[in-house]
1. Kindly establish whether R230 is modelled with pLDDT of 95 or more, among the basic types (K, R) and open to solvent by 40 Å² or more (accessible area, probe 1.4 Å).
2. Just wondering, is there one or more residues in region 24-46 that are of a type in the set (D, E, K, R) and either open to solvent by less than 20 Å² (accessible area, probe 1.4 Å) or closer than 21 Å to G196 by Cβ (or both)?
3. Do we find that F195 is under 23 Å from L4 (Cα atoms), under 20 Å from the mean Cα position of the chain (by Cα) and buried (at least 17 other Cβ atoms within 10 Å of the Cβ) in this structure?
4. Pull up region 233-249, narrow it to residues that are open to solvent by 30 Å² or more (accessible area, probe 1.4 Å) and outside any loop (DSSP other than H, G, I, E, B), then point me to the one that is farthest from R128 (Cα to Cα).
5. So T6 clears everything in (1) buried (at least 20 other Cβ atoms within 10 Å of the Cβ); (2) farther than 22 Å from G143 by Cβ; (3) among the β-branched types (V, I, T) except one condition, right? Which one?
6. Before we move on, is G80 open to solvent by 30 Å² or more (accessible area, probe 1.4 Å) and not aromatic (F, W, Y)?
7. How many of the residues in region 254-276 are buried (at least 19 other Cβ atoms within 10 Å of the Cβ), touching an Asp or Glu at 6+ places or on another chain (Cβ under 9 Å) and either of a type in the set (A, V, I, L, M, F, W, C) or assigned to a loop (DSSP other than H, G, I, E, B) (or both)?
8. Name the strands (runs of 3 or more DSSP E) wholly inside region 102-212 in which the number of residues that are under 29 Å from G80 (Cα atoms) is 1 or more.
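The values are calculated or read from the model by the stated rules, or taken from the named source; none is laboratory data. As the structure is a computational prediction, the values presented were derived from the model and not from experiment. With ideal geometry, Cβ positions are generated from the backbone for all residues, glycine too; neighbour counts draw on all protein chains shown. Please note that ligands, DNA and RNA were not included when accessible areas were found on the heavy atoms of the full protein model with its side chains. Shrake-Rupley method; radii C 1.70, N 1.55, O 1.52, S 1.80 Å.
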Amino acid sequence: MRLLVTSASGANGNGYGALLAFDHAGTPLGAFTDDARITDPRGLAVDSDTGLLFLNSGADRILALDPHGKIVRDTGPIKGLNPGGGIFGPDRRYYVGLRSARTIIAFGRELDGVGEHILPPGIIPFPRGFAFGRGGRLFLASGIGPNGEGDDTIVAIAPGGHILSPRFVRDSELSPLDLAISPNGNIIVSSERPFGAADATTTIREYDPNDGHLVRVLSPNGHAEFRRPRGLRFAPDGHLYCVAQDEVVSFDFESGSCLGAIVRFDRLNGQALSFF
C-alpha cells in the first residue's frame, strides 16, 4: 500500500503540482501519474467499492484513477468548479467542497453528471474540510480564506441540509484547515492559528460530536516541525496522519502521542493524503 499526497503549486504553495507517491517507510517513489489533467491537485478519497482513487484537480475537474495511476473516469472541465477536499458520503456519492462557491456538491461515482449542490452557495465564508458523522450529520469546518475572511468554527448540518448549529464549536484557539471523523466518532480538525502566520500554533484538535466541547489537543511536541498542517487521514493501522509543509506526520491516536514525520520531502506543500 502506497501513501499518496497531493502537492499544491503556484499560489497554493509553490510545490510540485502533482500527485506524489511514497512507500510505507516514507521513501519517495515519484509522481503516481503524469497525466496532464492533474493540475494543482487538492482532495483525495478512495472508493472502497470500486477500488478507485478520486482526485480533485485544480483544472476544474474530478478524476478517478485505478491502482496503476491510469485515469478511468473524468467529469471533464466544469467551469468555475474550483474544488477543494473530497470524501464519500453515506449514500456512496462523492462529495466535493467548492472553494469559490463556498458550498458542497455531490457526484455519482461514475462521474457522468453535472453534480448536485447539497447546500446553498456561500453557506460559510470559506470551507476547510467536512465529514459525515454518525446519523448522517454533516460537520463543515469554516476557516479563514486567502483574503482573510472567515469565522474559525465548525457548522453542524442535519441530513437534508438544515443547519443545526452555525457555531457548533466555540474554541478561541481553533483555525481549521481540514476535518475528519475518527473511529470513535469524534471530530478531528487540523488547526493553524493565526492562519498563515510564521509563528502560528499548529495542532490537531478533537471535539465531541454531541455538544462540540474540546476533548483533547494533539501536538507534535518536538517530534516534527508540523508547519501548515492540512489534510487528515486515518491509516489501516489506526494511526492518524496529517500532511504538512515538507512532511507527513503520524500520531498514535489512542494515546495522542506524536510518532514523528514518516515523510520528509522538501517543498511537499501537501494538501491531502490517502493510502492506496
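1. When the stated conditions are applied, R230 does not pass them.
2. Yes: one or more hits.
3. Against the criterion (under 23 Å from L4 (Cα atoms), under 20 Å from the mean Cα position of the chain (by Cα) and buried (at least 17 other Cβ atoms within 10 Å of the Cβ)), F195 does not qualify.
4. F234
5. (2)
6. Yes: the conditions hold for G80.
7. 7
8. 103-107, 127-132, 138-144, 150-157, 163-165, 176-181, 187-193
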